[in-house]
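See below for the structure under consideration.
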Amino acid sequence: MSNTKVYIAAYGTLRKGYSNSRLVDKPTTKHIGTGTTVNKYQMIASGIPFVNKTPDTNITVDIWEIDEEKDLPSVDRLEGHPEWYKRELVDVKVDDTIYKAWLYFCDRGHGKIVESGDFNIYTKQR
C-alpha cells in the first residue's frame with residue numbers, strides 16, 4: 001500500500017470549516033494553509049461554487065495534503081470526477097511556496113460571478 005501524498009486546492013465546501021471539509025480534515029491529513037491560484041480563473045456560484053478556465057481572477061483556496069489512495073477517491077466521488085467536475089494540477093501559492101495541487105474545474109456551473117474569487121467572501125455577502 002502506497003502512502004503517496006498529493007495536494008488538493010479546495011475553493012468551496014472542502015475549505016476549512018465548511019460542511020465537506022470532513023473528507024480532508026482528518027488526523028492523517030495536513031492543512032498547509034490558504035493561498036491563491038497562480039493563474040487566473042473564473043468562479044461562479046449558485047449556492048456552491050464552480051471554477052472554469054476563463055481568465056478572470058486568482059482563486060482563493062485551502063491547500064490540503066492528503067493520501068492519494070485513502071483520501072483522493074472520496075473527494076473524487078464528492079466532486080463527481082471526471083463526469084461533473086474534472087480535476088487538474090494547477091500551481092497554487094501559499095506564502096512564498098508554490099504547490100502543484102489538484103483543483104476541480106466545472107464548465108457547467110451557473111450563477112453569479114464571484115469577482116473576488118473567494119468563496120468565503122461570497123458566503124458572507126449572501
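Taken together, the values in this text are just the output of simple stated rules run on the coordinates, not laboratory data. These numbers come from a predicted model, not from an experiment. Glycine gets a Cβ as well: all are built from the backbone with ideal geometry, and neighbour counts include every protein chain shown.
For Gly33, the amide hydrogen comes within under 5 Å of the amide hydrogens of Ile63, counting only partners 5 or more places away or on other chains and with H modelled in the peptide plane. Here Thr54 and Lys26 are evaluated by their C-beta separation; at R0 = 25 Å the FRET efficiency comes out at 0.15. Remark: the chain carries a charge dipole of roughly 320 debye about the Cα centre, counting +1 on each Lys and Arg Cβ and -1 on each Asp and Glu Cβ.
On a full-extension model of 0.36 nm per residue, what is the gain between Lys100 and Lys86, subtracting their alpha-carbon distance, rounded to one decimal in nm?
Full-extension gain reported as 3.5 nm.
For the stretch 18-33, backbone phi angles converted through the Karplus equation (6.51, -1.76, 1.60; θ = phi - 60°) give residue-by-residue couplings of 8, 4, 8, 5, 4, 6, 10, 9, 9, x, 8, 10, 9, 7, 6, x Hz, Gly and Pro being listed as x. The base-10 log of I(q)/I(0) for the chain, evaluated at q = 0.19 Å⁻¹, reads -1.03 [Debye formula, identical scatterers on Cα atoms, solvent excluded]. Couplings 3J(HN,Hα) of the stretch 54-71, computed from phi: 5, x, 9, 8, 6, 8, 7, 9, 9, 9, 10, 9, 10, 7, 4, 7, 7, 9 Hz, in residue order, whole Hz [Karplus 6.51 cos²θ - 1.76 cosθ + 1.60, θ = phi - 60°; x for Gly and Pro]. Restriction of the GluC sites (Glu not before Pro) in the stretch 16-69 to DSSP coil positions whose beta-carbon has at most 15 other beta-carbons within 10 angstrom yields Glu68, Glu69. So the label point goes 7 Å from the Cα of Asp107 along Cα→C-beta, right? Which residues of the stretch 21-59 then have their backbone N under 17 Å from it? Taking a point 7 Å out along Cα→Cβ of Asp107, the residues of the stretch 21-59 whose backbone N falls under 17 Å are 41-44, 50-56. Applying the Karplus relation 6.51 cos²θ - 1.76 cosθ + 1.60 with θ = phi - 60° to the stretch 99-116 yields 3J(HN,Hα) values of 10, 8, 10, 6, 10, 9, 9, 8, 8, 8, x, 9, x, 8, 5, 8, 4, 6 Hz, where x marks Gly and Pro.
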